[in-house]
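The values are calculated or read from the model by the stated rules, or taken from the named source; none is laboratory data. Keep in mind that this is a model prediction, so the values were computed, not measured. We place every Cβ from the backbone using ideal geometry, glycine too, and count neighbours over all the protein chains shown. Note: accessible area is taken over every heavy atom of the protein model, side chains too, but ligands, DNA and RNA are not part of it. Shrake-Rupley method; radii C 1.70, N 1.55, O 1.52, S 1.80 Å.
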Amino acid sequence: MLQNKRILLIVSGGIAAYKCLELIRRLREHGAAVRCVLTKAATEFVTPLSLSALSGDRVYGDLFSLTDEHEMGHIQLSRDADLLVVVPATANILARMAQGIADDVATTVLLATDKKVMVAPSMNVRMWEHAATTANLSVLRQRDIQVLGPNSGDMACGEFGEGRMVEPDEILRAIQDHFLDDGRLTGLKALVTSGPTYEPIDPVRYIANRSSGKQGHAIATALAGMGAETTLVTGPTQQRNPSGVDVISIETAREMLKACENALPTDIAVCAAAVSDWRAEESADKKIKKEGDPPSLSLTENPDILRTLSNAGNDRPQLVVGFAAETGDVIAKAVPKRERKGCDWIVANDVSTGTDTFGGDTNQVHLITATSTESWPEMSKQDVAVALARKIADQFNRPAAAE
Ligand code: CTP
């Protein structure tokens, strides 16, 4: 199933670099074409000659080599690949990737690419646990870079702990999984809402909530990654616009509804936004001054976007998925919510204080349909998004590529 897939393997200078030899062999056995880029430090651990012999291609590594640039420029290297995999990914290359530093072929290609990137970290446990590495990883994950492992175990430096690179088999499986979903939703249109809404009180104040938009944006990324023509309608967030997605930025619930209605018809709608239930009945044109008694705020209900889409008659997307943010008794509250809203599925999660759901990087959800409730383990929001997109592809009878 990796037939005709082009993998660009970026090898950085860690002791686990020798494992990339086995990985190249396995990838080629499965039909993939492998091309390698080595950092300078990597050449201390593996030789260009052995990588070239195994990959059956030349190996790239010198940014200022006229011959290399003439034969294959660094931009072309990333254009020609279907997937980039950094094996092993040292603390150093992860830091350079997070900072956008491009000072050798490896990091220049990584900065220039718009293709999916996976990294397999490998380092000493203390380097892995260092706040700088944690922060770099968090930045990379936000950019949809898939992090494989690391595992824990005995290390080459004599210590024990997390930081051991995952085995070539696990990397191979992740690569196969990636291509399994390739194009599964091609030909379908999807609409996703994400983030909070801001409801103005006056020109400087507004009503909002703690939604980060991480889950909604990850869902749009996953659907687009599987080939759906995806529109993301989002309230104000710090999230990067997912590539290949039509992003419409709004502030209020009423603007979100209008943008969603304009995006119809679609086959799929996923409402992950934390829409403010209420808005100020009247928002002041001028800043409300402090003099006198505190003003009272009169609220009125906002339109319910999920309910509107679920009841859109001929325009109703074939599959409408809502979210249920609950504090306690999650499933018991979400089951009737699905019926009330008229959507097909509800993804229910616990947003109680201390769960880290709002704003955090992980989510533990229950997928509730008309006939079943599935409780998923706690996963990264990206993994929840991919799992949901796979369920959607199954629902549309879009089989995964044959293994
Ligand atoms: N939702 C929406 N428009 C609204 C309110 C909510 O589209 N005005 C959507 C959310 O995007 C989510 C689902 O409805 O998919 C449920 O949101 P939630 O806040 O859990 O439920 P509410 O309807 O607000 O009910 P309650 O706050 O009473 O739990």
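For GLU291 and ARG6, what does the FRET efficiency come to when R0 = 60 Å and r is the distance between their Cβ atoms, rounded to the nearest 0.05? Let's see the in-between values first.
Values: r = 68 Å, r/R0 = 1.13.
Approximately 0.30, to the nearest 0.05.
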* **Residue with peak Gaussian network fluctuation, the chain [Cα springs, cutoff 10 Å], from THR90, THR107, THR47** => THR47
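Counting only C-alpha contacts under 8 Å and six or more residues apart, can you give the relative contact order of region 189-395 as a whole percent?
Working: 439 pairs, mean separation 42.5, N = 207.
Here the relative contact order equals 21 percent.
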* Note the full-extension length gain between GLN76 and SER249 as 0.36 nm times their separation in residues minus their Cα-Cα distance, in nm to one decimal. => 59.0 nm
* Asked: So what are the ³J(HN,Hα) numbers for region 116-123, from phi and the Karplus equation (6.51, -1.76, 1.60; θ = phi - 60°), rounded to whole Hz, Gly and Pro as x?
  -> 5, 10, 10, 10, 10, x, 8, 6
* Structure fact -> To the nearest 0.05, the calculated FRET efficiency linking ASP114 and SER152 through their beta-carbon distance, R0 being 56 Å, is 0.95
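Per the 1.4 Å probe, what fraction of the accessible area of region 260-397, in percent, lies on carbon and sulfur atoms? Could the numbers behind the result be given before it?
Values: 3330 of 7460 Å².
Carbon and sulfur: 45 percent of the exposed surface of region 260-397.
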* **Sequence-separation-based contact order of the chain, relative, with Cα cut under 8 Å and 6+ spacing, percent** => 12
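Can you figure out the FRET efficiency of GLU167 with ARG126, using R₀ = 35 Å and their beta-carbon distance, to the nearest 0.05?
Details: r = 22 Å, r/R0 = 0.64.
Given R0 = 35 Å and the Cβ-Cβ separation, E is 0.95.
Counting only protein heavy atoms and using a 1.4 Å probe, what share of the accessible area of region 1-49 belongs to carbon plus sulfur, as a whole percent?
On the way: 1210 of 2260 Å².
Accessible surface attributable to carbon and sulfur in region 1-49 totals 54 percent.
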* Accessible area per residue, 1.4 Å probe, Å², for region 293-358: what's the number? -> 53
* Structure fact -> A 1.4 Å probe over the protein heavy atoms gives region 64-197 a carbon and sulfur accessible-area percentage of 50
* Fully extended, how many nm does the chain gain between GLU261 and GLU22 (0.36 nm per residue separation, minus their Cα-Cα distance)? -> 80.9 nm
* How far apart, in nm, are the 7 Å Cα→Cβ label points at ARG240 and THR362? -> 2.4
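Keeping every protein chain present and rolling a 1.4 Å probe, give me the accessible area per residue for region 118-243 in Å².
42
In whole percent, what relative contact order does region 245-337 give with Cα contacts below 8 Å and a gap of six or more residues? Present the calculation step by step, with values, prior to reporting the outcome.
Values: 80 pairs, mean separation 33.9, N = 93.
Relative contact order, region 245-337: 36 percent.
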* Report the extension gain between SER372 and GLN395 in nm, rounded to one decimal, defined as 0.36 nm multiplied by the number of residues separating them, less their alpha carbon distance. => 6.9 nm
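Using a probe radius of 1.4 Å on heavy atoms only, what accessible surface per residue do you get for region 1-112? Whole Å² is fine.
Accessible surface, normalised per residue, equals 44 Å².
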